[in-house]
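Comments concern the structure below.
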Amino acid sequence: MPFSSLNFDIKESHKLSISPFDRGFLFGDAVYEMILSINGRCIFLNDHLARLKKSLDSIKLNLNFKEKNLVDEIKRISNLNDNPFQAIYIQISRGVQLARNHLPEENLSPTVFITSFKINNPSDRQKGISALLKEDERWLKANIKSTSLLANVLSKIEADSEGHEEVILHKDGFLNEGAVSNLFLFINDDLHTPSLDANILPGVTRGKLIQSAEADNINVIQRIIHISEIDDAQEVFMSSTTKGVIPVVKIIGSDFDTDHPGDLTSRLREIYLREIYQA
Ligand code: PDD
């Protein structure tokens, strides 16, 4: 039976409930994190905590508890749920406000929810996905890991209905990222990825992959990338905490179409897998 924590009270997941007056429920006034846990170890925990702090600061949400309490609770959930591979989900909303008003009342008590989802071993065989090129219809603050994800949800539904696993979002002719992942292209053996001034989430996996690639003498270029450059790419992959390196073999709406994941992507994936097992 999975366990979850609501406001630092741990129970079996199906026994939890929250108020419908929670601002997370009414307005999506909440941020979240997703952390990979392998055999109870939270991978790149400090990077996720740093990003969570940035998200909280960006929406001016002040916590009324110590970060250490949050870290202890994350570790408790990770250890109580004994699946070898878990995604630990942390959501913090601005709290419960009985009089619905876009303007938050002062001194609300944030709602803190931590749970765990069983996931596949990130090193399971990856045969490569197909992705759909699509106009980015999200808001302009994708750097905040907000739970307001309706545009991402609709993009995933559209991709799935056409038999594809992910979308590649673009705006004004330039590439951003996927609905749930960051984007990388190998062009002339260099690794290109949209820079952080594109409308993207600063993915923890993205950051780690840039470091690993550079340590492996791959030239990494973070820049604004035009949509037409996909046609020239040797290899394309996407990245996320739960799936690691996700090779892309076909991009609908472009000329990019290969039979199998490329060698450079596979090599970087192996390096990354070694890192998460050792982290
Ligand atoms: N998604 N971009 C978007 C829009 C994302 O939702 C995610 C992660 C990423 C990759 O970030 P990271 O490497 O830190 O996981 C990029 C998570 C896994 C999710 O919402 O389920």
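Each value in this text was obtained by applying a stated rule to the coordinates, not by laboratory testing. Predicted, not measured: the structure shown is a model, and the values here were computed from it. As a convention, Cβ positions derive from the backbone with ideal geometry for all residues, glycine included, and neighbour counts pool all protein chains shown.
Based on the Cα coordinates of the range 3-119, what is the per residue volume of their convex hull in Å³?
Numbers: hull volume 11.3 nm³, N = 117.
Taking only Cα atoms, the range 3-119 has a hull volume of 96 Å³ per residue.
Among beta bridges identified by DSSP and lying wholly in the chain, the antiparallel ones come to about 75 percent.
In which sequence would 68, 145, 53 go, from the one with the fewest C-beta neighbours within 10 Å to the one with the most? Write out the running numbers ahead of the final one.
Working: 68 8, 145 23, 53 14.
By the 10 Å Cβ count, ascending: 68, 53, 145.
Can you compute log10 of I(q)/I(0) for the range 124-278 with the Debye formula, treating each Cα as one identical point scatterer, at q = 0.10 Å⁻¹? Those come out to -0.31, one per q.
For the chain, what relative contact order do you get, as a whole percent, if you take Cα pairs closer than 8 Å and at least 6 residues apart? Can you show the working numbers first?
Details: 538 pairs, mean separation 49.7, N = 279.
Relative contact order here is 18 percent.
For the range 125-137, the Karplus equation 6.51 cos²θ - 1.76 cosθ + 1.60, evaluated at θ = phi - 60°, returns couplings of 3, 10, 8, x, 10, 10, 10, 10, 6, 8, 4, 7, 9 Hz by residue, with Gly and Pro reported as x. Between 0 and 90 degrees, the angle of helix 263-278 with respect to the longest Cα principal axis of the chain falls at about 30 degrees. Here the extension length gained between residue 135 and residue 147 equals 2.3 nm, from 0.36 nm per residue of separation less the Cα-Cα distance. Between residue 67 and residue 228, the simple spin-label model (points 7 angstrom out along Cα→Cβ) gives 4.6 nm.
Reported value for the chain: 133 Å³ per residue, from the convex hull of its C-alpha atoms. With everything on Cα atoms, drop me the angle between helix 150-161 and the longest principal axis of the chain, reported from 0 to 90° to the nearest 10. Helix 150-161 sits at roughly 50 degrees to that axis.
According to the Cα gyration tensor, what semi-axes, each the square root of 5 times an eigenvalue, does the equivalent ellipsoid of the range 210-279 have, listed from largest to smallest in whole Å?
On the way: eigenvalues 103, 42, 24 Å².
Result for the range 210-279: semi-axes of 23, 14, 11 Å.
When both bridge partners sit in the range 124-278, DSSP labels roughly 55% of those beta bridges antiparallel.
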